[in-house]
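The structure under discussion appears below in the form of structure tokens.
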């Protein structure tokens, strides 16, 4: 059964029946080395970057997330889906648990 991954990215990324995550045809994902931000080689863990051509109302075309993951292959998933597939392993150690609707009041600013 195919399920959506991360509610915020549900329209871009799907999980296949062999538990790999795939970007849809109008999106892509990269895994980047956390130290250099260069693309990580297949099999190496790094920060997940999500790219999309869909957003028009905000600059969300390329977002470097605090999610950690690994690119597990390209065009060779057992499910038959083409394109890069990856796995999520968790959050970066320095990640702050926030969501789109989380806000805070900066010091000295009245709410």
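Quick notes
- Taking residues in the stretch 66-94 that are touching a residue at least 24 places away in the same chain (Cβ under 8 Å) and at positive phi, and partners anywhere that are surrounded by fewer than 16 Cβ atoms within 10 Å (Cβ to Cβ) and in a strand (DSSP E or B), the pairs with Cβ atoms closer than 8 Å and at least 6 places apart or on different chains are 83/74.
- Residue list for the stretch 25-43, restricted to those being over 16 Å from residue 65 (Cβ atoms) and in contact with a strand residue (DSSP E or B) (Cβ under 7 Å, 6 or more places away or on another chain): 26, 38, 42, 43
- Among residues of the stretch 28-40, those that are surrounded by fewer than 18 Cβ atoms within 10 Å (Cβ to Cβ) and under 15 Å from residue 85 (Cβ atoms), counted: 1
Bear in mind these aren't lab numbers, they're just calculated from the coordinates by the rules spelled out. Nothing here was measured: the structure is a model prediction, and the numbers come from that model. So basically every Cβ, Gly included, is an ideal-geometry build from the backbone, and we count neighbours across all protein chains shown.
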